[in-house]
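Here the structure is laid out as structure tokens; the discussion comes afterwards.
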């Protein structure tokens, strides 16, 4: 079984946004963790720097104090000597270990003064480089903005693609079933206007077909009255053979009128869809034909084959095909099988078949094959056209082919997930 995977542009954006957010959380988590470790390291570094400087001063003459302070300076550390404390934070020489109590984060500026001998003070100013922190903040900000923008683009795309999917479904249903639900009018203004136009078009087509059906029903009613009168007159004719031929022609005319009405009403049918057991439906039709004396066999690989459809319409479609088969053949065989999501129905007969160049025309309304399937069998030429219309309304397909051993095969395919 083939599985088709399709990822729309909207979902690609969602995936990228999810990856960015995941990366953002990972970066924030790493930053918080690294800040904790860097703060501890920063505290130890400050304490160590102060202790090293004080140790150098203690082992060298006091006149070397300024030079030691100068050589102790680094990019982020300033050490000066003064006669008075320069910073509010004042520690005694033995209290250097307390410096870490005033450090809460690794990028904090630390300024303190420590009293040394001879009334001198060492002033320490730690100003760490904040470039890394700024870069991290910029990266987090950019990723946040990108994630928000991707979600916005995905939402904006959905605003267009959502209604477009509805348009596609509505267009598919409109070509098959005019009484389908209208398109939901939502989305940007241009999309809403398009949905309104689609619904208006559906309403106009439905109205046009309803008017056509009513017109044909009126014509049919008007024609039945003279046909009935002509039948009555034929029954009073002296020449019985001619009267019989005339009644036969009038019966065919009535049958043709009925078929035309069925054909025109099918596109506008309001019959609800229910779960139909295709096997049981065909079995009942086969039993009817067997009771009428026809040789019809039925085979199925499944005891119950359920399909969501219109029972009366499907029965009419199958009856048309089976009636055609028993008209022109001695033996008919009907097979039902399921393959994946498809229900395949084949009606095979041992009749004369149809010329290859005529196979593509048999679904044309009022078309009748002139040679093997002669007009002596009657019919209006609308049976297969009606059947094709019904099958298409159920999103299925129907095809005809000649069998190698002789006879005709009609293949109807219905899709369960349609």
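The rows are residues; the columns are (1) farther than 16 Å from residue 57 by Cβ; (2) at pLDDT below 75; (3) surrounded by 14 or more Cβ atoms within 10 Å (Cβ to Cβ); (4) not assigned by TED's automatic domain parsing to the domain that holds residue 68.
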residue: 80; (1), (2), (3), (4): no, no, yes, no
residue: 93; (1), (2), (3), (4): no, yes, yes, no
residue: 103; (1), (2), (3), (4): yes, yes, yes, no
residue: 113; (1), (2), (3), (4): no, no, yes, no
residue: 119; (1), (2), (3), (4): no, no, no, no
residue: 152; (1), (2), (3), (4): yes, no, no, yes
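Out of the range 69-81, which residues are in a loop (DSSP other than H, G, I, E, B) and out of contact with any helix residue (DSSP H, G or I) (no Cβ under 9 Å at 6 or more places or on another chain)?
Initial filter on the range 69-81 (in a loop (DSSP other than H, G, I, E, B)): 72-73, 75-76.
Passing the criteria: 73, 75, 76.
Of everything in the range 334-351 that is over 14 Å from residue 387 (Cα atoms) and buried (at least 19 other Cβ atoms within 10 Å of the Cβ), the residue that is nearest to the chain's Cα centre (by Cα) is 343. Among the criteria (1) surrounded by 17 or more Cβ atoms within 10 Å (Cβ to Cβ); (2) in contact with a strand residue (DSSP E or B) (Cβ under 6 Å, 6 or more places away or on another chain), the one residue 320 does not fulfil is (2).
Please verify whether residue 66 is exposed (fewer than 11 other Cβ atoms within 10 Å of the Cβ), at pLDDT 75 or above and in a helix (DSSP H, G or I), treating the condition exactly as stated. No; evaluated as a whole, the condition is false for this residue. Scoring residue 166 on the criteria (1) at pLDDT below 75; (2) assigned by TED's automatic domain parsing to the domain that holds residue 41; (3) surrounded by 13 or more Cβ atoms within 10 Å (Cβ to Cβ) leaves a single failure, condition (2). In this entry, residue 181 passes the filter for residues that are outside any helix (DSSP H, G or I) and out of contact with any helix residue (DSSP H, G or I) (no Cβ under 6 Å at 6 or more places or on another chain).
The values are calculated or read from the model by the stated rules, or taken from the named source; none is laboratory data. It should be emphasised that the depicted structure is a prediction, and the values quoted were computed from it without experimental measurement. Glycine gets a Cβ as well: all are built from the backbone with ideal geometry, and neighbour counts include every protein chain shown.
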